[in-house]
Amino acid sequence: MIATHVQRALAAAGTGLCLSMALHSPVADAATQRTINLSATSVCEAPLPVFNVHLRKRPVAVQNESDSPVFVTCTLPTDNAGHSNTGTVEVTFASFDGAVSTIGCTMVSGTRGAQVFYVPGEVLLPASGRVALVWENVNKWTSGMYAFSCNLPPGVAMETITYTQTDTGGRV
Amino acid sequence: MNKPFHSRTPAMATCALALAALLHAPDSQAATERVQRISATAVCEAPLPVFDVTLRKRPLGIGNEGTTPIFVSCALPADSVAPPGGASVSVRLAMLSNAPATTVNCNLVAGTPDNLSYTAGSTVVPSGGTAWLTWNNVHKGSARGTLNFSCNLPPQVDLGTIMYREVDAGGGL
């Protein structure tokens, strides 16, 4: 008799558990962090066509094939749900002419007309090497976005851009 | 004194239900909508290079520094999960100088190449000021449809932030 009641209790608990799991299954795509990788080719441009002449756009890189530096501007699709100051943006550069280069960039983030932040960054690219420039805790202000520009030296390619957005509410 | 088992059964089930609900609570706004912002610089182009000559691309916008209007086409990455209908697209326009107020005419082009819909829109950009142009309830035709628009950008006007919103009641975004 007692065993029967115990079995019923367990069965009821199990049924309740299964039912609630089915009704409350988490959304598969919900995420607290989203990292996107893309090629500079898809989101970067020279300011004016005259500067584009020696920028070769390959599937995986934008490279400066001239003998003088070229400014390159890049902007990233930014999710409104991402927290305002937890973003990370990483840009990879590669040397293809065997020279050492210093690359200077500026992160431009925020909301135009409200608050825009300018954060410089610099990285030393070894000869025939590869290096990444990283901005952490990027502040995009309220519902802002991420963008940056780099003064790309001759013989240098801008390759993959990797950026991460976070939201503890799981909406990114 | 002790309660019979059959009277405890509902309590145990309720407890299990509460525990499971707590452990499996869905994210409150999990992906039923996605709002993205992007600068025109990343997704907009003049139709031909010859028209690009006086379009200056900066991190937060594209400005027409010429003396004649230039058509600019913009294309936005659209999520296949979002069902057609319910999207919105907004674009921020700004006057680069104190030139007189001017009307900017744009055209939203949504859908697939074999099934496109066109929705005209216009707004007045005040001298030295800004204006937003918004299309609501944009219908992209099918799951494979895309969201695009073109604007005839007057001189001294900047096409800056583009904000677009996709929705999916199923929470797949």
What strands (runs of 3 or more DSSP E) completely inside the stretch B:80-173 contain at least 1 residues that are at positive phi?
B:102-112, B:130-138
Would you please name the residue that is surrounded by the fewest Cβ atoms within 10 Å (Cβ to Cβ), looking only at residues in the stretch B:38-89 that are within 11 Å of another protein chain (Cβ to nearest Cβ) and of a type in the set (S, T, N, Q)?
B:54
Matching option when the condition is modelled with pLDDT of 95 or more and not basic (Lys, Arg), among A:61, A:132:
A:132
I'd like the residue in the stretch A:66-80 that is of a type in the set (Ser, Thr, Tyr) and more than 7 Å from every other protein chain (Cβ to nearest Cβ) and, out of all such residues, is surrounded by the most Cβ atoms within 10 Å (Cβ to Cβ).
A:66
Leading residue by the ranking (farthest from the chain's Cα centre (by Cα)) among those in the stretch A:104-114 that are surrounded by fewer than 21 Cβ atoms within 10 Å (Cβ to Cβ) and farther than 13 Å from residue A:145 by Cβ:
A:104
Considering only the stretch A:129-137, I want to know if a residue exists there that is crowded, with 21+ Cβ neighbours inside 10 Å, within 14 Å of chain B (Cβ to nearest Cβ) and of a type in the set (Phe, Trp, Tyr).
yes
As an exercise: evaluate residue A:123 against (1) under 20 Å from the mean Cα position of the chain (by Cα); (2) among the aliphatic types (A, V, I, L, M); (3) closer than 30 Å to residue B:31 by Cβ; (4) surrounded by fewer than 20 Cβ atoms within 10 Å (Cβ to Cβ) and give the number of the one condition it does not meet.
(3)
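The values are calculated or read from the model by the stated rules, or taken from the named source; none is laboratory data. Computed from a prediction, not measured in an experiment: that's the story for all the values here. Counting neighbours? That spans all protein chains shown, and the Cβs are built from the backbone with ideal geometry, glycine included.
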